[in-house]
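The values are calculated or read from the model by the stated rules, or taken from the named source; none is laboratory data. Here the structure is a predicted model, which is why all the values come from computation and not from measurement. Cβ coordinates were reconstructed from backbone atoms using ideal geometry, including for glycine residues, and neighbour counts include every protein chain displayed. Remember, those area values only see protein heavy atoms, side chains included, never the ligands or the DNA or RNA. Shrake-Rupley method; radii C 1.70, N 1.55, O 1.52, S 1.80 Å.
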Amino acid sequence: MRHQTKRGATHCRHVIAVFLLAVIGPSVAVGASVPPAVDGSQADRDAAAARIAAQAIDAGHPAEAAGILETLVAPRHHMLSILPAWHRDLARAYVALGLPDGAEGQYRLALAGASDDEARALGEELEALFAKKGVAVAVPDTLGPNGAKYFDLHWVDRDHGSIDFATAFALPQDDADGVAFTTAVYRADCVALKTQLLGGAAFSLSGQKLRSFGEGEGEAARPANDLADHSLRMICRRDPELKVKQLASVDGGTLTARYRAQRVKRTVPPAHSTQARGAYDAACRAHVEMFVGQLAAEGQVSGPSWQVRDWWDVRTEELAGDRLVGAKAAVAALANADPGTARAFQQACVQEALARGAVPGL
């Protein structure tokens, strides 16, 4: 039931996040330390992205860091690893963003795969979170844009290392059938590290049951990827005080409403966030200038193209010259490293100018 993230989209997301970090303005340390494009393996690219995310957290940009790290800890190909350090850094970003349930989930996932030395430090950070925010009843595997799978931390002992637990999967928006969330009960074999779906149901946001699934169909299976493996290990590290005799229904409606509200809050910049807006505007001006320059070289510049360029020129006329120069350099680097992402960013800037009236009559 997990909605898989498309690799191209996730790659685009952290390239754009990295690009914005490079031009964000006064945070010179971040921009200066962004590594060049990595041409090696996927593991090399992931490691570079993780380093940038850690730098973003240190520089006070937790939202950008979370955007990068959420792509790294999302369900991925079974051959691609998810490192405990990525969960830890995402937990730190969530703490800074005021998302304690997300932070607790990431700390618990990090502990599931950490060494003894790492576990001690992680345990201290988690205890500090508990002291401030209390313990969550259900924690998400991520709060990324493609949905959140919440794990209820209550569990029923079935003996011989077998336990039952409940989950809820919150969709970012209702699907074509009106499904807003699903709930399910699983049986975990904590010795063999396998899970079995016992049954589940899909619901509308109002709580209307739309269909059932999985009853009598599931077979115990090994986790399909690292996130599923870490999630199973997290459950199998069960808290003794959360042991129950019978699982209560997980409140998928409340969890889904909370998840969606958190996503909206993160994707709509606050009115006072002029620094982030300035970085985006400088980036768009540089993209559109490059676009018009390419058209001019081909002798194909039309009137609307000039009007879009002029619109961005006016919008950025109060930005510092060094910011505009830095944006041009970052845009050129992005176009060289990832032409597809650069074109997508460029098109978004053109569409925004058109939507805001850059070309009267369109």
ask   = Excluding same-chain residues fewer than 8 positions from Lys132, which aspartates and glutamates have a Cα within less than 13 Å of its Cα?
value = Asp101, Glu104, Glu124
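At a 1.4 Å probe radius, which order do Val325, Val288 fall into by accessible area, largest first? Numbers along the way, then the final one.
Values: Val325 100, Val288 0 Å².
Descending order: Val325, Val288.
Ordered by packing density, taken as the mean number of other Cβ atoms within 10 Å over each peptide's residues, highest first, how do 152-163, 106-117 rank? Numbers along the way, then the final one.
Numbers: 152-163: 15.8, 106-117: 20.6.
Per-residue mean Cβ counts within 10 Å order the peptides as 106-117, 152-163.
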query = Ignoring ligands, DNA and RNA, what percent of the accessible area of segment 160-317 is carbon or sulfur (1.4 Å)?
reply = 51
message = Full-extension gain between Lys133 and Asp313, please, as 0.36 nm times their residue separation minus the C-alpha to C-alpha distance.
response = 60.2 nm
query = Fully extended, how many nm does the chain gain between Asp175 and Arg266 (0.36 nm per residue separation, minus their Cα-Cα distance)?
reply = 30.6 nm
ask   = Amide H neighbours of Ser162 under 5 Å, counting only residues 5+ apart in sequence or on other chains, H built in-plane at 1.01 Å?
value = Cys190
Spin-label model distance (nm) - Ala119 vs His77, 7 Å beyond Cα toward Cβ = 3.2
request  = Pull out the extension gain between Ala348 and Lys209, defined as 0.36 nm times the separation in residues minus the alpha carbon to alpha carbon distance; nm, one decimal.
outcome  = 46.2 nm
request  = Can you bin segment 281-362 into rounded, prolate or oblate? Criterion: square roots of the alpha carbon gyration tensor eigenvalues sorted a ≥ b ≥ c, rounded for a/c under 1.5, prolate for a/b above b/c, oblate for the rest.
outcome  = oblate
request  = Quick one: what are the phi-derived ³J(HN,Hα) couplings along segment 130-146, Karplus 6.51/-1.76/1.60 with θ = phi - 60°, whole Hz, x for glycine and proline?
outcome  = 4, 4, 8, 10, x, 9, 7, 7, 9, 10, x, 6, 7, 10, x, x, 9
remark   = Sorted list, accessible surface of protein heavy atoms, 1.4 Å probe, largest first, for Leu319, Leu205 is Leu205, Leu319
note = Simple spin-label estimate for Ala332/Ala96, 7 Å along Cα→Cβ, in nm, reads 3.0
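Highest mean first, what order results for 127-135, 237-245, 190-198, 51-59 on Cβ atoms within 10 Å?
Numbers: 127-135: 12.3, 237-245: 10.7, 190-198: 16.1, 51-59: 20.9.
Result, highest mean Cβ count within 10 Å first: 51-59, 190-198, 127-135, 237-245.
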task = Could you run the Karplus curve 6.51 cos²θ - 1.76 cosθ + 1.60 with θ = phi - 60° over segment 153-167 and give me ³J(HN,Hα) per residue in whole Hz, x for Gly and Pro?
result = 7, 6, 8, 10, 7, 10, 6, 6, x, 9, 9, 10, 8, 10, 9
ask   = By its C-alpha gyration tensor, with a ≥ b ≥ c as the square roots of the eigenvalues, how is segment 39-180 shaped: rounded for a/c under 1.5, else prolate for a/b larger than b/c, else oblate?
value = rounded
query = How would Glu318, Glu124 line up by accessible area, probe 1.4 Å, largest first?
reply = Glu318, Glu124
remark   = Under 15 Å by backbone N from the virtual spin label 7 Å along Cα-to-Cβ at Ala63, the residues of segment 137-181 are 145
inquiry  = In whole Hz and in residue order, list the ³J(HN,Hα) couplings for segment 219-225 that follow from phi through the Karplus curve 6.51 cos²θ - 1.76 cosθ + 1.60, θ = phi - 60°; x for Gly and Pro.
reply    = 10, 4, 9, 6, x, 7, 7
